[in-house]
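Heads up: the structure comes next, in structure tokens.
Throughout, read-outs are computed from the coordinates displayed, never taken from laboratory work. Keep in mind the model is a prediction, meaning the values are calculated, not measured. Cβ: placed from backbone, ideal geometry, glycine included. Neighbour counts: every protein chain shown.
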Amino acid sequence: MPDDKQGRDEKAEDEERRQPERKREEVRDRVHEERAMAGDPDGRLGELDKALETQNYPTTTNELVEAYGDYDIETQRGTESLEEVLASTDDQTFVSADDVRSRILGLIHR
């Protein structure tokens, strides 16, 4: 297209016509994406979620495993214990239940 007003107008009109098509492509592509686990943290962390609220902070990975290592967590690979989920990490210090949840959820979405 020539670089004149008519050419620019035609290009803009073409872009406007393609917008709905792009939207459909975007929605179609998202449907096929591998999704993160559905649900909220309470559902994935099970009873551990409530237990984390009663934990004294700061606490460490090792202290969490000692206290709650047998608690089950729903991961993308199925049900795993907290000990299994945290096995691949170094001993860290957590300052709150939200800090622990964030770390666990990050690990189970790998």
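Worth pointing out:
- Extension gain for the segment SER102 to GLU74, taken as residue separation times 0.36 nm less the Cα-Cα distance, is 8.6 nm to one decimal.
- Virtual spin-label span in nm between ASP14 and GLU53, 7 Å along Cα→Cβ: 5.9 nm
- Among 80-86, 69-75, the order from most to least packed when residues are scored by Cβ within 10 Å on average: 80-86, 69-75
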